[in-house]
1. Given the criterion among the aliphatic types (A, V, I, L, M) and in a loop (DSSP other than H, G, I, E, B), identify the matching residue among B:Ile220, B:Ile181, B:Ile203.
2. Could you say whether any residue in the range A:100-109 is farther than 30 Å from C:Ile259 by Cα, at pLDDT 85 or above and part of a helix (DSSP H, G or I)?
3. One residue is enough: does the range C:87-97 have a residue meeting the conditions within 14 Å of chain A (Cβ to nearest Cβ) and in a helix (DSSP H, G or I)?
4. Scan the range B:114-132 and give yes if some residue there is away from chain C (no Cβ under 11 Å) and either β-branched (Val, Ile, Thr) or buried (at least 20 other Cβ atoms within 10 Å of the Cβ) (or both), otherwise no.
5. Give, as residue ranges, the strands (runs of 3 or more DSSP E) completely inside the range B:1-100 that count at least 3 residues that are away from every other protein chain (no Cβ under 14 Å).
6. Scan the range B:141-174 for residues that are within 11 Å of chain C (Cβ to nearest Cβ) and farther than 27 Å from B:Gly109 by Cα and jot them down.
7. Here are C:Ile159, C:Ile209: which of them is more than 17 Å from the chain's Cα centre (by Cα) and within 12 Å of chain B (Cβ to nearest Cβ)?
8. Which one is nearest to C:Pro268 (Cα to Cα) among residues in the range C:5-46 that are hydroxyl-bearing (Ser, Thr, Tyr) and part of a helix (DSSP H, G or I)?
Amino acid sequence: MELFFQQVLNGAMLGSTYAMVALGLTLVFGILHVPNFAHGHIYMLGAYVTFFLITLYGFGFWPAVIVSMLMLGLAGMVIERLVFRPLKNQPPINMFIAAIGLLLLLENGVIVIWGPGAKRIPNPYPDTVSFLGLTTSQQRLIVIVVAVVMILLLQLFIKKTLHGTSIEALAQDREGAQLVGINVNRVSSMTFAISAALAAAAASLMAPIFMVSSTMGSLLVMKAFVIIILGGLGSMQGAILGGYMLGLIEALGGGFISAAYKDVFAFGALVLILALKPTGLFGKEPE
Amino acid sequence: MLLTAEKLTKRFDGLVANDCITINLARGEILSIIGPNGAGKSTLFNLVGGMFPPTSGKVYLEGEDVTGLKPHSMAERGIARTFQTTALFDELRVIDNLAIGHRVRTKTGLWDALLHTPCWRREKEETEVKAMETLDFVGLRDEVFYPVSTLCQEAQKRLAVGVAMMSDPKIILLDEPTAGIIHEETAGITQLIRRLKNKGITILLIEHKMRMVMDLADRIVVLNYGEKIAEGPPEMISKNPAVIDAYLGGEYIA
Amino acid sequence: MRIINLLRQRWPYLLVVAAAIAFPLVVSSRYYIQVMIVAGIWAMATLSLNLILGYTGQASLAHAGFFGIGAYAVGLTTKAGLSFWLALILAGAVAAFVGLLIGLLTLRSRGHYFAISTLCFGVIVFIVAGTWDGLTGGNVGLLGIPAPASIPFPIIGEISFAGQIGQYYLVLSFLMLFLFIMYRLVHSLLGLSFMAVRNNEVLAETVGINAFANKLLSSVIADFLVGVTGGIYAVLMGSISPTTASFNLTFFWLAYLIIGGVATLAGPIVGAVLVTFLVEYMYSIGEYRLVAFGLALIVAIIFFPRGLVGVSVTLRQRFQELREKYRERGGGAGKNAIDGRETDQAF
């Protein structure tokens with residue numbers, strides 16, 4: 001029983017990461033139709049920047065996370081402008097190739113700058129917490145809490161602010177949005193910035209628990225794609241729900257069925273589900 | 001009866017595009033389907049061609065129930081079609097388009113291609129000869145090796161008809177073959193359609209240009225709001241009050 | 001007569017082939033010959049990827065998975081004593097069979113969904129290769145894969161594949177074979193069906209082409225070819241590990257393909273050889289190599305979306321068009337080259 005709840009907590013923590021990363025990806029892929037395969041490496045870069053700020057400049061944990069989010073947000077806008085916007089009229093496979101180029105650039109760039117070894121960020125909340133007879137590390141809880149807060153803030157932003165609703169408008173009807181005067185380029189920029197910032201936050205939160213390495217985002221981005229395809233391209237609720245579900249499935253499956261093959265669950269599920277429903281769980285067949 | 005569409009109904013989430021439509025197509029005739037925009041003409045074509053299955057109703061080809069068969073199966077059985085917005089393989093050349101049109105009648109497979117078997121040789125020859133014949137028929141001989149994208153609109157429409165012919169079809173569904181063509185050039189397409197009929201091909205034609213329809217059609221079916229409102233020879237249709245009301249307008253002169 | 005015609009029209013290609021044959025005899029650096037061998041293997045992988053992606057238009061990202069399946073199949077069977085040549089055919093067959101199953105599962109999806117589905121399969125192969133210790137040796141992989149046995153050959157005595165020169169010619173021979181296969185496929189009604197599916201799947205269906213069956217056939221052929229390629233890789237490297245099936249490989253081949261030119265016969269080879277050599281050449285800048293590659297990839301795709309061979313085809317077309325303008329329109333037949341296929345031979 002104790003193991004079960006431990007795994008549920010692990011799952012919630014993992015799910016928080018997945019949800020934030022998937023959210024960022026569904027904004028960029030589902031709404032802007034950019035297959036940003038480098039998203040996992042933007043996540044990774046966020047962790048490296050946080051690490052960099054803490055160890056080199058002596059930042060505290062939270063200030064480092066916030067600055068990292070800001071910097072990655074900026075990076076996201078630069079990437080959108082320089083890499084993906086020039087390709088918007090070309091077939092999507094070309095954007096995919098550009099994303100791969102970006103991926104290589106980032107993955108090897110961090111090795112060049114910081115060396116190949118994995119890095120460790122000192123855990124700011126090393127203590128454990130006990131409640132209801134369960135013990136867990138504070139950091140794990142922090143991840144969950146902060147993630148939920150950020151997701152809620154994002155939802156508020158999208159629904160209640162003018163900038164946010166313009167993203168929804170673009171998602172629903174690109175041409176219509178342009179016709180009513182929405183500056184698509186500005187919205188694209190902002191969406192990329194949000195997506196990158198979310199990824200940076202997720203990575204920074206996880207970094208004290210797991211290590212920071214140049215490949216920490218490779219498998220993650222693929223799981224994110226799995227999540228958003230199963231959750232519905234462009235659906236934020238789908239990304240969040242899917243993220244937490246995958247986290248739970250992996251933690252419980254890994255804990256009770258097979259730790260070695262836990263990664264296969266997500267990918268196997270995707271292949272099977274798409275085999276049965278070729279347009280995803282919520283997709284519609286284009287007429 | 002070559003083709004029978006029996007009580008075909010197609011519903012799209014509440015919109016009834018085709019409501020209980022029955023059409024009988026006799027071998028060798030030109031049957032024209034007319035009606036205002038949105039009447040369900042293209043939907044009917046799609047149902048007959050196998051693009052999507054009907055909500056209810058059946059389609060019979062030479063007595064065989066072909067309802068809901070995939071488009072490539074329909075093509076195999078002898079139904080070819082053209083599209084309103086000219087559909088061609090625009091990355092390829094004219095001759096390639098024609099060859100692809102004939103592909104359904106060939107069996108060249110992997111081993112044939114790799115080993116240049118007699119089958120490969122024979123079907124290559126057969127396709128080339130037939131393509132040339134078809135090019136002569138539609139008047140595009142000179143453009144044989146040109147990329148499709150270099151052809152003008154009207155030539156592309158003639159090519160589309162040629163591609164449809166390449167599969168030796170029993171029936172060709174022509175969906176507004178003169179859409180976007182100026183009046184002077186429609187004569188060429190009209191001639192082409194008449195020559196198709198002379199070749200023994202049965203034709204189902206959607207058109208808006210009334211003079212062309214009245215000239216070509218042996219019989220006309222009129223659709224409005226998804227329903228068949230009239231059916232008969234041209235003279236009868238042009239005098240039908242319901243048709244005039246819905247579609248032709250009071251000033252129409254037969 | 002036909003030989004003379006062949007020489008006249010295709011002499012640049014024949015020159016390249018001659019250079020390729022002479023390469024290891026002329027170049028003394030073992031290092032560069034090794035790079036060429038690896039480039040040749042990547043070229044084969046890219047050629048087969050071109051079949052599904054370039055000619056049939058399906059963005060299958062599982063390619064490295066089948067490469068890995070072929071590699072492990074050959075690795076395991078040759079270590080168990082099976083002859084290399086039989087093992088190779090087996091590898092291709094296994095890859096093709098798995099490809100058939102996966103194709104049945106994934107080909108009902110289109111576009112992005114299909115791409116992700118195939119990518120996921122590729123990842124599964126990668127993970128399983130690293131986890132199924134009993135079969136694959138886990139993360140350590142397979143070591144000590146024997147080189148193919150020497151073949152007796154007139155004059156020289158025998159061709160040994162333990163040495164570099166033998167290995168080079170092995171790769172070159174297979175590369176030529178693959179090129180031949182691709183050429184015959186592309187210039188046939190079957191290849192034309194593939195291109196029809198790529199160009200306009202709905203129209204292809206309408207004219208009677210079973211798009212699903214053709215997509216499946218094209219991917220099974222490609223999987224067979226890349227499985228064989230993986231098998232060759234296994235014996236030449238002597239050892240393989242899960243990274244042999246890594247999705248990163250698929251991305252690299254995709255990059256070679258796009259850079260070289262999609263849906264052309266020469267493109268994959270140009271792309272693979274060029275990029276592999278460039279990346280090696282940049283050894284002098286050390287760790288910045290892959291960073292530069294990534295950057296170059298981004299720049300290339302933005303400014304040369306049709307790839308190098310694509311650009312040269314376009315240039316050649318322009319050139320022909322100019323020539324036409326100053327020449328009488330005799331028979332009216334143009335000499336355009338589209339998709340690497342010459343006009344005078346249709347299909």
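The values are calculated or read from the model by the stated rules, or taken from the named source; none is laboratory data. None of the values given here were measured: they were computed from a predicted structure. Glycine gets a Cβ as well: all are built from the backbone with ideal geometry, and neighbour counts include every protein chain shown.
1. Values: B:Ile220 fails: in a loop (DSSP other than H, G, I, E, B); B:Ile203 fails: in a loop (DSSP other than H, G, I, E, B).
On inspection, the qualifying residue turns out to be B:Ile181.
2. Of the range A:100-109, the ones farther than 30 Å from C:Ile259 by Cα are none.
The answer is no, given that none of the residues of the range A:100-109 is farther than 30 Å from C:Ile259 by Cα, at pLDDT 85 or above and part of a helix (DSSP H, G or I).
3. Kept after step one, since they are within 14 Å of chain A (Cβ to nearest Cβ), are these residues of the range C:87-97: none.
Checked against the condition, which is being within 14 Å of chain A (Cβ to nearest Cβ) and in a helix (DSSP H, G or I), the range C:87-97 yields no hits at all.
4. Taking every residue of the range B:114-132 in turn, at least one turns out to be away from chain C (no Cβ under 11 Å) and either β-branched (Val, Ile, Thr) or buried (at least 20 other Cβ atoms within 10 Å of the Cβ) (or both).
5. Working: elements: B:3-12, B:15-25, B:30-34, B:56-61, B:79-81.
Here the list reads B:3-12, B:15-25, B:30-34, B:56-61.
6. Correct list: B:Arg141, B:Asp142, B:Glu143, B:Ser149, B:Thr150, B:Leu173.
7. Working: C:Ile159 fails: within 12 Å of chain B (Cβ to nearest Cβ).
None of the other options fit; the residue is C:Ile209.
8. Applying the first criterion (hydroxyl-bearing (Ser, Thr, Tyr)) to the range C:5-46 yields C:13, C:28-29, C:31-32, C:46.
Among the residues that remain, those that are also part of a helix (DSSP H, G or I) are: C:13, C:31-32, C:46.
On the way: C:Tyr13: 15, C:Tyr31: 23, C:Tyr32: 20, C:Thr46: 5 Å.
Of everything passing the filter in the range C:5-46, C:Thr46 is nearest to C:Pro268 (Cα to Cα).
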